[in-house]
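Report on the following structure.
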Amino acid sequence: MMPQSSIKSSEAQLFQTLNGLQHLAETRRFKAWLLDQFGVLHDGKQPYPGAISTLKKLAGSGARMVIISNSSRRASTTMEKIKSLGFDPSLFVGAITSGELTHQFLQRRDDDWFAALGKSCIHMTWSDRGAISLEGLGLQVVENVEDADFVLAHGTEALGQSSGSASPMTLDELEKILERCAAKKIPMIVANPDFVTVEARALRVMPGTLAATYEKLGGEVKWMGKPDKIIYKSAMAMAGVDAVDSIAVGDSLHHDIKGANAAGIESAFITGGIHATELGIGSFGQVPDLSCVQALANKYEAHPSYVLPAFTW
């Protein structure tokens, strides 16, 4: 399908609107496609209409595809999730997640910031979604703030215990713990920088919300994912490409698109994901008012190269 139209924002940022990805894919302009998962490929429970076939056609056009996700899970878990939802994992070069990056940096300790961290941490994790293992990292999970060297945020539902289990907690309870951590001036690593995510059309609070709270309290935060360019560089290295040959596809202006801007790569904004309500979208595939898209892009200071309603061909 050919591009429908284009529009300029007040920053003279040009974006093209598309019906689907066919025209863009068939130009073979981009060797690597860095794909967000939640809000683009699936909603956490089921694939979006047309997403599975679009992925196959994109692979057929020669695209090297990498899942780039702010999930706090390891990359292997992400690929298992993708497979369980009906996607073919072999179509991807691989996956890079915030959780995977966090694990690698904590394990290697070859970065100055990580090398300076101690080994004792307050661990904020999941309960309903399943607590995240810290196996192989040599960390000691502590429950007393006084004993902690840093905060590790994988989730927003529970506090990890030294036994390896997780004690369910409300956001308010976790934020009270953060207040004590901030007073002690210990750093935080956020292994999922998303503020919220789409899950079966509902929005779920994610660890980025805790991290934003921590910064407001005066705490230092290491953001291990989008919009930091660290995760884009990792994805491009995985695909063996440079920025000029890459495009990122995502549904979050703040994370996916702003991150692509920071990494110097082009981007495609899916309007039917996390921003659907803000854009007045009521049904799948509905095209939003372009002036609303422009206003929202300006609000987030995030500028997509292309805009389309959904990940369709």
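The values are calculated or read from the model by the stated rules, or taken from the named source; none is laboratory data. None of these values were measured; they are calculated from a predicted model. Using ideal geometry, Cβ is built from the backbone for each residue, glycine included, and neighbour counts are taken over all protein chains shown. For the accessible areas, the whole protein counts, side chains as well, though only heavy atoms, and no ligand, DNA or RNA atoms are used. Shrake-Rupley method; radii C 1.70, N 1.55, O 1.52, S 1.80 Å.
Just a few scattered comments:
- So VAL66, is it assigned to a strand (DSSP E or B), at pLDDT 95 or above, surrounded by fewer than 20 Cβ atoms within 10 Å (Cβ to Cβ) and among the hydrophobic types (A, V, I, L, M, F, W, C): no
- Neighbours by Cβ (under 8 Å, 6+ apart or cross-chain): first from region 82-101, free of Cβ contacts under 8 Å to residues at least 24 places away in the same chain and under 19 Å from PRO47 (Cβ atoms); second open to solvent by less than 20 Å² (accessible area, probe 1.4 Å) and not charged (D, E, K, R): PRO89/ILE82
- Identification of helices (runs of 4 or more DSSP H) wholly contained in region 189-277 with 2 or more residues that are touching a strand residue (DSSP E or B) at 6+ places or on another chain (Cβ under 8 Å), open to solvent by 10 Å² or more (accessible area, probe 1.4 Å) and not hydrophobic (A, V, I, L, M, F, W, C) yields 207-216.
- Test set (1) farther than 19 Å from SER72 by Cβ; (2) touching an Asp or Glu at 6+ places or on another chain (Cβ under 7 Å) - GLU157 fails condition number: (1)
- Number of residues in region 286-313 that are more than 20 Å from GLY259 (Cα to Cα), open to solvent by 40 Å² or more (accessible area, probe 1.4 Å) and in a loop (DSSP other than H, G, I, E, B) equals 4.
- Region 69-103, subset open to solvent by 60 Å² or more (accessible area, probe 1.4 Å) and of a type outside the set (Val, Ile, Thr), residue nearest to the chain's Cα centre (by Cα): ARG74
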